[in-house]
Each structure stands twice: as C-alpha cells, then as structure tokens.
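Notes for the one structure printed next.
Every number here is computed from the coordinates shown, using simple stated rules; none is lab data. Just so you know, these numbers come straight off a predicted model, no measurement behind them. All Cβ positions, glycine included, derive from the backbone under ideal geometry; neighbour counts span all protein chains shown.
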Amino acid sequence: MWFGALPVDQAEGAVLAHSVQLGPRKMPKGRVLTVADLAEIAGAGIATVTVARLDPGDVGEDEAATRLAAAIVPDPAAAHLRLTRAEKGRVNLYALGPGVVELDPSRVMALNRADPSLTLAVVAPFARVAEGTLVGTVKVISYAIAGAALDRALPGAAGAVRVRPVVRRSAGLVLTEAPGVTKDLGAKAEAAVRTRLTQLGMDLAETVSVPHDAGEIAAALARLRGEIALILTGAATSDSHDVAPEGVRQAGGTVTRFGLPVDPGNLLFYGALGNRPVIGLPGCARSPALNGADFVLERIACGIVPDEEAIAAMGIGGLLKEIPTRPQPREKR
C-alpha cells in the first residue's frame, strides 16, 4: 500500500486518509474517491489530498477484518458469539448470552504478532459476560494489508476466543446457623448469592438453614434442590476436614479442593455429590463485591471444573479489592 499526498487530479480510486472539510459538511476519511468527489474537493480550492492507494494483492480494511474475524470465529453459534459487519476495518464480537470467556492466549498473541496492522483485543480470560457484552474487537489498523500477510495470519486464528455458556441453570443454598449469625446476616447472604446467580441467568432454587453440624449439612444436601449445591457456613471453614467439607463427605460426596489463591475468598472448597457440583462458599460471599467465590462459581456454572493448574493461575489477578466489613482484613487499619 502506498500512502502520501497526491494532487487532486491524480487521486481517483484512492482511499481518503484524512477527512476534508467542504463548507458546512465533511468528507470522511476512508472514502474511496470518485471523479465527482475530486471535483467537489477541487471546487473547494483544495489542491492535494492525503490518500492510501492499494497495491496489487492488497486487501482493503473491511474485507481483511471480515476475513480475520471469520477465521477467529468460524462457527459463531458454536462459539456463542455474534459478529458485526465490518466498518472502518473493525468487527466486534458480542456474547449471545451469559457465560464466561474462554481464550487461547497463544493464538491471540500469535495473531497480534503476525502483522502490526492486524489486531485482536479481548477481555480478560474467564470474564463473566451477559447477552450483548462486547467480548473482543478485530481492528485492521491500516487502510489495507498485503494479501500474503493476511493469509499467513488466518490459519492460526481459529479458536482464539469463545464464550462458554451457562449450562447449569439453578442452585440451592445451605446456610448454617452459628453463634453471632443473625437472621439479618443470613438474609444478606441469601440476597448476595441470589444476585450472583441472577447475573449468570440462574435461579436460586431454595435456601435451607440448618445448625452448624456436619450431619445436618449432609441431610440438607440430600434433599436440596438445584443443579449446584452451595454451602455458606456461619463459622468460617478452616480446614479440609472442618464441618462443611465433612458434611459433604457424610452425604456421600467428595471434596476436590480446599483453599484458593484469591483474596478475599481464600477459604473456599469445592467438590461433588454424585453428578452435582458442591461449592463451599467463603464468608466474603455474603458481600456482593467480587471475590474468590465468583471465580469458581462462574466457571462451574458453565461446565468448567477448575483443575490444579487453573486454580494456581487464579492467583494472577487474584488480589482483589478488600471488603470493608471483613472481620480479619489483610492489612491493619
């Protein structure tokens, strides 16, 4: 692609690089100049225009953006994404519904290294999205790119980004009663959990309050409705064999992990009871503020059970804003 200033009478078919003011209106940049356009420009007393002229084999910005977006998301429905029509070298990727964003960072980086004119910007890995959330944007920086450069970038782009939709549509909540836990605190916890589920397009099937006892928790889990079982105890879970994890085991379930490298939210555990995931929520889940419970709940709701590597990676970006009401803040006030 050639870029520079040309006399108006030599610019037919070139792309206008800088907008031109023509009396009360503006001729926008990006316009492919016609004979009529150039006559109007010349009539305004303008002798030269800054343009881009495509070389043989170059691909214009909109076509390049369209092809690149199609390579990144070859099956939009399967990726739960909606792609916009290219405009000024840009294609936006929007979520079709609630879920979390799954990325292949190596593919995103390879695409962004392929050529400075080809870019893909995306939200953070596992970001929660709703219907219509902007997940990513493809932007071709220049007005055109060499076809050979575009062709080199396309094969490695497939699967760089997708939305994993919510597949579990409801959850049940077990609250345990302990000294110092008032009814108001229980109601606050239920409201915060309900809000989290609503943001994922899920329902709170029921809430059951029981004494802080492993046997009581086990009995509650056996009858609890919902595709995910959530437990929020009145007393913090301090060990993998504390009351709540033992309640899961007494119910016939398993505990996969206790402890999370996310703060607030360290004291979380998760496992399963049959085919139903079980999450022991940390005390900070009583607050609507972002915490470790969100990291785990959102993924499990979307059918992603975090493995050890995924849990370890949560520590990167896992230092979150402190919750003002936290009983034991990480820094002394």
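Taking other residues whose beta carbon is less than 10 angstrom from the beta carbon of THR176, and scoring Lys, Arg as +1 and Asp, Glu as -1, yields -3. Full extension of the segment from ALA42 to ASP307, taken as 0.36 nm per residue of separation minus the current Cα-Cα distance, would add 88.8 nm.
The GluC sites (Glu not before Pro) of the stretch 82-174 meeting both criteria, a DSSP state outside H, G, I, E and B (loop) and at most 16 other C-beta atoms within 10 angstrom of the site's C-beta, are GLU131. Straight-distance candidates among the lysines for linking to LYS29, with alpha-carbon spacing under 26 Å and chain neighbours fewer than 8 residues away dropped: LYS88, LYS139. Expressed per residue, the C-alpha convex hull volume of the chain stands at 178 Å³.
Taking the Cα centre of the chain as origin, work out the dipole magnitude from +1 charges on Lys and Arg Cβ and -1 charges on Asp and Glu Cβ, in debye rounded to 20. Intermediate results must be reported in sequence, preceding the final value.
Details: 35 positive and 35 negative charges, 109 e Å.
Roughly 520 debye, rounded to the nearest 20.
Applying 1/(1 + (r/R0)^6) with R0 = 22 Å to the Cβ-Cβ distance of THR182 and THR256 gives a FRET efficiency near 0.10. Between LEU134 and ALA121, residue separation times 0.36 nm minus the direct Cα-Cα distance comes to 3.6 nm. Axis of helix 61-72 versus longest Cα principal axis of the chain: the two differ by about 30°, to the nearest ten degrees. Each of PRO125, PRO105, ALA146 was scored by the projection of its Cα onto the charge dipole of the stretch 101-147, and the greatest displacement toward the positive side belongs to ALA146; charges sit on the C-beta of Lys, Arg, Asp and Glu.
Output the antiparallel fraction of DSSP beta bridges having both residues in the chain, as a percent to the nearest 5.
75
Nearest 0.05, what FRET efficiency do ILE141 and ARG169 give at R0 = 41 Å with Cβ-Cβ as r? Each step should come with its number before you reach the end.
Working: r = 42 Å, r/R0 = 1.01.
About 0.50, to the nearest 0.05.
Working note: Karplus 6.51/-1.76/1.60 with θ = phi - 60° gives the stretch 294-304 the couplings 5, 4, 8, 4, 4, 5, 5, 4, 9, x, 10 Hz, where Gly and Pro are set to x. Calculated FRET efficiency, THR195 and ASP75, Cβ-Cβ r, R0 30 Å, to nearest 0.05? That gives a FRET efficiency of 0.35. Applying 0.36 nm per residue to the separation of TRP2 and ARG276 and subtracting their alpha-carbon distance, the gain on full extension is 92.6 nm. Close amide H contacts of LEU118 (hydrogens built in the peptide plane, cut-off under 5 Å, sequence separation of 5 or more or a different chain): ILE141.
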